[in-house]
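Visitor: Got a structure for you, questions after.
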Amino acid sequence: MKKQLYILLLLIGLIIIPQSIYAQVDFNKRPDDDLGNVEDEFQEHFFEALKQKGIENYDRAVDALHKCLNLNSKLPVIYFELGKNYNKLKNFGAAEENLKKAIDMQPDNVWFLDELYDVYFQQDDIRNALKTIKQLVKYHPDYKEDLAALYVREEKYKQALDLLDELDAEFGLSESRDAMRNDIYSITGNADDRIENLEERVANNPNNEDNHLKLIYRYSQTGDHKNAYKAAKNLLKVKPDSKFVHLALYKFYLQDEKVDDAINSVKVVLTSPTINADAKAKVLKDFVAFVAKNPEYESDLIDITALIDDNKDAQTHSDLGHYYLRAGDKVKALSNFKEALKQDPNDFKLIKDVLLLQLDIKDYKAVITDSERALELYPAQPILYLMNGVANNNLGQSQKAIDNLEMGLDFLIDNTTMEADFYSELSIAYKALNNISKSETFAKKAKTLKPQQ
């Protein structure tokens, strides 16, 4: 909460110094001694210090401020400015010394204390930082949050939580304090306190959906699925139109064998514009896994995926592709893998999945086209050369097969299974070219490697 106070402090300087000087001067009368000159000189050095600090010439600012001190050593703002400039120069000893002098002159000046706090904080001097910020808290409750953070650094978690409770009661909840509270709970491993705090929040403000959702999540994290389910149903009762609650409910319904309710929750999630794509993808992935074990619900899966045809991301298409592959529907699997690849064209795993399926369904022309495109992205991947060779062999393009297979072998390292496949394909290619000698040589190499597999 370190404050940027340059403008305010400049104003302090402008207000304090001229007033202290002008009180001594009658501007309607020509000075009869050198006091006017002294005052002019003082102001000249002081404003020079402010100017040099403004352009980050802190050494020159310090020099100008020392000239001010030679003319008047009783103004706390001079020591304060010195402290700030020394702080910028990382001369923390001099910064502390000057700021303490300023504070001795004005013990209740918040800006002086704040700068001293920063000096200690930068040095990681938590003991003195705590001492200083406790003084600041007397004047500004906002500093309590900084104090709580220091208590966390000192592993005084009880004091930190008490302060956070105090601030929440006075100012309402805040994301920054919630984050600090959660850090404390994570450090201490005290899940019960975390849950108790959320239960109190839900009880005190039952219409706050966010607190309900956090409570469901925390119950789930601790493995208390019974209370998580209960909390989810409670949220649905309080807010029947909640969309986010279905992110939890669909799982509980599936576990409870309430499949119709689960399907409804999945549909709510997947069609809600307020739920992000990652969360939707996870829900769909879970439902795909469920249908894989319970194929009688495949028609529901088809209905559900139809709802989001225009919104499926690459991961969703990939998950559906693997589902259809397990189900034996290679055409639908390939269609989904291709859709995923459109969205993520550099994903090597997707490229490989598409090529393998194209080989499986004997779409060799597509394999050649797609593998050549893939080799532009991944020229050192031997499996791409192998699949290209297989496709060329099947289309009777033996010399092209040989060229690609021999190139792929140069990139192959410690993979006897794939090496045997390369030799087998080379044997086929040379046989097609009526080079029986080479064909037999590669066939023997493949056979030699196969027992090692």
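The values are calculated or read from the model by the stated rules, or taken from the named source; none is laboratory data. Model, not experiment: these values are computed from the prediction. Note: ideal-geometry Cβ built from the backbone for every residue, glycine included; neighbour counts use all protein chains shown. Ligands, DNA and RNA are stripped out before the accessible areas are found, and what is left, the full protein with its side chains, is counted by its heavy atoms. Shrake-Rupley method; radii C 1.70, N 1.55, O 1.52, S 1.80 Å.
Visitor: For segment 218-230, what are the residues that are touching a residue at least 24 places away in the same chain (Cβ under 8 Å) and closer than 12 Å to VAL202 by Cβ?
Guide: ARG218, TYR219
Visitor: Now, a different point. Given the residues GLU196, GLU209, GLU166, GLU170, which is the only one that is farther than 22 Å from ASP114 by Cβ, of a type outside the set (Gly, Ala, Ser) and open to solvent by 80 Å² or more (accessible area, probe 1.4 Å)?
Guide: Unique residue meeting the criteria: GLU196.
Visitor: Identify all residues within segment 173-193 that are open to solvent by 60 Å² or more (accessible area, probe 1.4 Å) and among the aromatic types (Phe, Trp, Tyr); write none if there are none.
Guide: Once the filter is applied, which keeps residues that are open to solvent by 60 Å² or more (accessible area, probe 1.4 Å) and among the aromatic types (Phe, Trp, Tyr), segment 173-193 yields nothing.
Visitor: Starting from segment 396-416, take each residue that is under 15 Å from SER371 (Cα atoms) and list its partners that are loosely packed, with under 12 Cβ neighbours inside 10 Å and not hydroxyl-bearing (Ser, Thr, Tyr), counting only C-beta distances under 8 angstrom and pairs at least six apart or across chains.
Guide: That search, which allows pairs on different chains as well, returns nothing.
Visitor: Taking the criterion of being surrounded by fewer than 17 Cβ atoms within 10 Å (Cβ to Cβ) and under 33 Å from the mean Cα position of the chain (by Cα), would at least one residue in segment 297-306 satisfy it?
Guide: Yes, there is a match, as at least one residue in segment 297-306 is surrounded by fewer than 17 Cβ atoms within 10 Å (Cβ to Cβ) and under 33 Å from the mean Cα position of the chain (by Cα).
Visitor: Further, regarding this structure: Would you check if there is a residue in segment 363-372 being out of contact with any strand residue (DSSP E or B) (no Cβ under 9 Å at 6 or more places or on another chain), outside any helix (DSSP H, G or I) and crowded, with 16+ Cβ neighbours inside 10 Å?
Guide: For segment 363-372, residues out of contact with any strand residue (DSSP E or B) (no Cβ under 9 Å at 6 or more places or on another chain), outside any helix (DSSP H, G or I) and crowded, with 16+ Cβ neighbours inside 10 Å: present.
Visitor: Got at least one residue in segment 394-410 being touching an Asp or Glu at 6+ places or on another chain (Cβ under 7 Å) and over 24 Å from LYS280 (Cα atoms)?
Guide: The answer is yes, given that some residue of segment 394-410 is touching an Asp or Glu at 6+ places or on another chain (Cβ under 7 Å) and over 24 Å from LYS280 (Cα atoms).
Visitor: Which of (1) more than 30 Å from LYS431 (Cβ to Cβ); (2) assigned to a loop (DSSP other than H, G, I, E, B); (3) in contact (Cβ under 8 Å) with a residue 24 or more places away in the chain is the odd one out, the single condition ASP286 does not satisfy?
Guide: (2)
Visitor: Separate question: Residues of segment 215-261 being touching a Ser or Thr at 6+ places or on another chain (Cβ under 9 Å) and either of a type in the set (D, E, K, R) or open to solvent by 80 Å² or more (accessible area, probe 1.4 Å) (or both), which ones?
Guide: Residues satisfying the conditions are LYS243, LYS251.
Visitor: Name, by its number, the condition in (1) open to solvent by 10 Å² or more (accessible area, probe 1.4 Å); (2) closer than 23 Å to ALA149 by Cα; (3) acidic (Asp, Glu) that does not hold for ASP114.
Guide: Answer for ASP114: the failing condition is (1).
Visitor: Residues to consider are LYS338, LYS365, LYS438, LYS445; find the one that is under 27 Å from HIS317 (Cβ atoms), out of contact with any Lys or Arg (no Cβ under 7 Å at 6 or more places or on another chain) and modelled with pLDDT under 95.
Guide: Only one candidate qualifies: LYS338.
Visitor: Hey, among ASN109, ASN128, which residue is over 30 Å from the mean Cα position of the chain (by Cα), of a type in the set (S, T, N, Q) and crowded, with 16+ Cβ neighbours inside 10 Å?
Guide: So the residue among ASN109, ASN128 that is over 30 Å from the mean Cα position of the chain (by Cα), of a type in the set (S, T, N, Q) and crowded, with 16+ Cβ neighbours inside 10 Å is ASN109.
Visitor: Looking only at segment 277-335, filter to residues that are more than 16 Å from LYS267 (Cα to Cα) and of a type in the set (Asp, Glu); which one of those is modelled with the lowest pLDDT?
Guide: ASP313
Visitor: Select from segment 153-163 the residues that are part of a helix (DSSP H, G or I) and not hydroxyl-bearing (Ser, Thr, Tyr) and write down the one among them that is surrounded by the most Cβ atoms within 10 Å (Cβ to Cβ).
Guide: That would be ALA160.
Visitor: While we're on this one: Considering only segment 330-362, state which residues are open to solvent by 50 Å² or more (accessible area, probe 1.4 Å) and more than 29 Å from the chain's Cα centre (by Cα).
Guide: Within segment 330-362, LYS330, VAL331, LYS332, SER335, LYS338, LYS352, LEU356, ASP360, ILE361, LYS362 qualify.
Visitor: Does segment 59-102 hold any residues that are farther than 15 Å from GLN123 by Cα and within 37 Å of the chain's Cα centre (by Cα), and which are they?
Guide: Scanning segment 59-102 gives a single hit, ASN85.
Visitor: Name every residue in segment 131-152 that is crowded, with 16+ Cβ neighbours inside 10 Å and among the hydroxyl-bearing types (Ser, Thr, Tyr), in order of residue number.
Guide: Answer for segment 131-152, where residues must be crowded, with 16+ Cβ neighbours inside 10 Å and among the hydroxyl-bearing types (Ser, Thr, Tyr): THR132, TYR143, TYR151.
Visitor: Does ALA281 count as exposed (fewer than 15 other Cβ atoms within 10 Å of the Cβ), under 34 Å from the mean Cα position of the chain (by Cα) and closer than 30 Å to HIS225 by Cβ?
Guide: no
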